[in-house]
Each structure stands twice: as structure tokens, then as C-alpha cells.
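To keep things clear, I will list the structure first and then write my remarks on it.
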Amino acid sequence: MTILYAIVLLYTFVESIFYIIYTIYLKPRANDFSRNTIKPFRDYDQFTQPNRRRHLLFKRIMERIEARSRFGNKDFRVEFDAFFRGWFCFEEKKNQGNAQSKLDPVIDYEGVLDLFSWAFFDKLRVHLKDWEREELDITMNILKERGLLYPKRSTHNRKWARPLLMSLDKGNPLHRPIFIYIVSWLIRQVSYTSLHFLGFHRHHVKTQKGKKLWYWYRFGTCKNVDGVKGNRNPILFFHGIAPGGLAFYLPMLRYFLSNLSQPVLLFENLHITWYLSFEALSEEETVYGVEQVLRNHGFYKTTSKLTLCGHSFGSFQLTWFLKAKQIYPMIHKFVLLDPVSILLSYPDVTLNFLYGGSEKDNANKQIYWTKLKIWLLASSE
């Protein structure tokens with residue numbers, strides 16, 4: 001009992017220290033937007049007007065909704081309203097004695113401007129430059145041309161829907177006991193041992209800023225045209241959000257990838273695996289790191305035929321390589337498993353992940369299980 005008491009006392013002490021660190025440093029750091037850098041915008045006209053013409057993206061979204069409306073023989077305004085409302089928060093009514101509070105919140109002109117400022121510039125409206133404001137005006141005219149008008153706040157005395165600004169909204173990280181991170185670390189170590197048994201070896205390369213990109217490599221088992229073991233057509237795999245990283249992919253790796261004769265590269269994204277760190281790799285750093293990996297193992301040639309495979313969050317990384325001038329010509333196959341990088345202009349994925357689901361989801365009988373999964377799996381730190 002003395003030993004058990006000592007263990008409980010020690011864990012309580014460690015957990016208390018971790019909670020203090022979480023409260024004083026981790027949570028404020030997660031909401032410190034001053035460290036964020038605005039990512040470059042992929043323009044439709046990069047060579048003549050780089051980083052501009054953002055309204056073309058919105059125009060493309062509108063045309064897609066119009067095409068879907070025509071195909072389904074539905075009213076465009078109804079379809080657009082259903083799409084647009086997903087990007088706003090309609091808070092529950094309060095002060096039931098007030099007649100005005102019984103009115104549902106509505107989307108207003110200023111709210112639309114705030115949403116577009118975030119969506120196309122990743123900024124608050126007050127921080128926009130002159131050319132960005134001009135681009136915003138063009139975007140608003142696209143709505144006006146289609147008869148989609150929104151009232152200004154000064155003209156009505158009622159509640160207004162709040163735009164969901166995703167990366168600009170302060171997060172609400174949840175404290176998880178340090179025991180969970182210890183278990184995650186143990187799962188990761190078990191997966192590392194298993195990967196060694198499957199013939200993989202762990203390596204890393206450094207990016208431009210000195211960060212490390214970790215990956216696992218297994219030689220190919222067949223011979224290439226020169227008779228040398230290992231061909232030039234590797235498989236590159238990028239995992240999704242999961243505690244322990246590659247641990248939950250071991251069955252697939254055991255029964256699928258390990259039976260292939262091609263070389264296999266498994267890339268780790270530690271920052272979506274319950275790994276306590278704020279130094280996640282950017283798109284540029286990831287692309288640079290993968291280029292170094294391919295070069296180090298002799299695959300950085302135009303004759304190489306790469307098979308890219310990404311699951312869930314890993315599908316985002318795959319889209320980055322479509323824009324990489326050096327890697328794109330080598331891509332031979334593109335495999336998406338449960339992708340989330342497609343049609344992100346629709347709010348479903350980000351809304352459910354960042355804000356816990358819609359009002360309809362919250363009324364579902366499975367709400368407790370849904371929240372539990374978010375609490376356990378979503379790395380909101």
C-alpha cells in the first residue's frame with residue numbers, strides 16, 4: 001500500500017504541474033496569433049498579378065453551386081443560402097421576454113465582409129490593405145449581381161449571425177490528463193518496434209528552418225532495369241489524425257504495403273498524433289523535406305514514377321505536391337483514402353472538426369459519443 005500510495009502521490013504531483021504548464025503556457029500560446037504568418041495565395045494569374053484576383057475563387061464557387069442547382073432542378077438562392085449559412089454561427093435565443101430576441105439571427109452585410117476578409121486574406125477587416133479592400137468590393141458585387149443582398153447593421157435592431165473565422169477565432173483547447181499523452185507515447189513506441197519488424201527504418205531530414213521531417217523507409221524487393229535491387233517507383237504514404245501516428249495503420253502496412261515489391265516511404269506528421277509541440281511543418285517545409293528525402297534515396301529523377309497515397313488529413317499534403325514544380329512531373333499515381341481536402345469551400349469538415357458540429361448534429365442521440373471522440377482524437381492543443 002505504501003508503494004501504491006507513493007505512485008498515486010507522484011502522479012498527482014506530476015499531473016498538477018502539467019495542468020499549471022497547460023494553463024499558463026500551452027493554452028495562451030495556442031491562441032497567440034501574433035506568431036502566425038499569412039500563407040501565400042495560389043492565384044489564377046500568378047505571372048501577371050501575383051497574390052491578387054481572389055474574387056475568381058469565389059466566382060468559381062458560385063458557378064459550382066449554380067451548376068449543382070441546375071442539375072438538381074433546385075432554386076439557386078435556396079442552395080446558396082444553405083451553403084452560406086454553414087459559415088455562420090446562429091446563437092441560441094436569450095432574454096425570452098424581449099420580443100426582438102425571438103427573431104432568428106440573420107446574416108448581415110458586415111458579417112459577410114468579415115467572413116470574406118478571413119476566407120480570402122486570412123485577416124480581420126481592419127487590417128486589409130487598399131488593394132485587398134478593392135478585391136473585397138468586387139467579391140461583394142458578385143453577390144449583388146445574383147440578387148443576394150444582406151442588410152446593414154445600422155438599418156435594423158436585431159441579432160446578427162456571427163461569421164466563423166476559423167484560424168482567427170480563439171480556440172478552446174481542452175485539458176487532457178498527462179496520462180493520455182503517456183499512453184500515446186507508448187503506442188508510438190510499439191508501432192516503431194512493429195515497423196522495424198516489417199523491414200522499415202526511421203530517418204529524418206532537416207528543412208530550411210532546421211525543423212525535422214521524420215519518415216520510415218523500406219527498400220524495394222524487386223530489381224530495376226539495371227539488375228540492382230530496388231526499383232525507382234516508390235510509394236509515399238501520409239497518415240491522418242490519430243493518436244500514436246502510424247500505429248493504427250499497422251494492419252494495412254502489414255497486409256498491403258509490406259507485400260509490395262516497390263520501395264515504401266511512410267511520412268510522420270507528429271503534430272496530429274498527440275505530440276505536444278507548436279512547431280508544425282508548413283507546406284513549403286514539407287515539400288522541401290520530401291524533395292530531400294527523394295534525393296537522398298535516389299528517387300529525385302524525372303524517370304521516377306511516384307505513387308502518392310494520403311489518408312484523411314494526409315490528403316492535404318498530397319495537394320501540396322500537385323503545386324510542387326519538381327515533384328509534380330514525377331507523380332504517376334494519386335491515391336486518396338477518405339480525403340478531406342476536396343471541396344473545402346463547403347463548411348462541413350471544418351465546422352464539425354473545429355466547432356463541434358451543427359445544431360442538427362447536436363440534436364442527434366449520438367452527441368455524447370461524438371463529443372467524446374473529438375475530446376480524445378482531435379489534437380486541439
When residues of region 200-227 are limited to those that are open to solvent by 40 Å² or more (accessible area, probe 1.4 Å) and aromatic (F, W, Y), the one modelled with the lowest pLDDT: F219
Flag for T303 being touching a residue at least 40 places away in the same chain (Cβ under 8 Å), in a loop (DSSP other than H, G, I, E, B) and among the β-branched types (V, I, T): yes
Selection within region 257-278 - out of contact with any strand residue (DSSP E or B) (no Cβ under 6 Å at 6 or more places or on another chain), part of a loop (DSSP other than H, G, I, E, B) and over 17 Å from Q189 (Cβ atoms): L260, S261, P263, N269, S277, F278
Residue match in region 185-199 (condition: modelled with pLDDT of 80 or more, under 30 Å from F120 (Cα atoms) and basic (K, R)): no
Residue ID - nearest to I180 (Cα to Cα), chosen from residues in region 11-29 that are modelled with pLDDT of 90 or more and open to solvent by 100 Å² or more (accessible area, probe 1.4 Å): Y19
Pairs, first free of Cβ contacts under 8 Å to residues at least 40 places away in the same chain in region 51-79, second open to solvent by 40 Å² or more (accessible area, probe 1.4 Å) and outside any helix (DSSP H, G or I), C-beta under 6 Å, six or more apart: N51/F41; L56/Y44
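Okay, residues lined up against (1) closer than 22 Å to S282 by Cα; (2) modelled with pLDDT of 85 or more; (3) among the β-branched types (V, I, T):
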{"position": "F316", "(1), (2), (3)": "yes, yes, no"}
{"position": "W320", "(1), (2), (3)": "yes, yes, no"}
{"position": "I327", "(1), (2), (3)": "yes, yes, yes"}
{"position": "F334", "(1), (2), (3)": "yes, yes, no"}
{"position": "L343", "(1), (2), (3)": "yes, no, no"}
{"position": "T350", "(1), (2), (3)": "yes, no, yes"}
{"position": "F353", "(1), (2), (3)": "yes, no, no"}
{"position": "G356", "(1), (2), (3)": "no, no, no"}
{"position": "K360", "(1), (2), (3)": "no, no, no"}
Looking only at region 149-167, and only at residues there that are in a helix (DSSP H, G or I), open to solvent by 40 Å² or more (accessible area, probe 1.4 Å) and not basic (K, R), the one that is modelled with the lowest pLDDT: T155
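The values are calculated or read from the model by the stated rules, or taken from the named source; none is laboratory data. Source: prediction; values computed, not measured. Positions of Cβ are backbone-derived with ideal geometry, glycine not excepted, and every protein chain shown enters the neighbour counts. We work out accessible area using only protein heavy atoms, side chains counted, and drop any ligands, DNA or RNA first. Shrake-Rupley method; radii C 1.70, N 1.55, O 1.52, S 1.80 Å.
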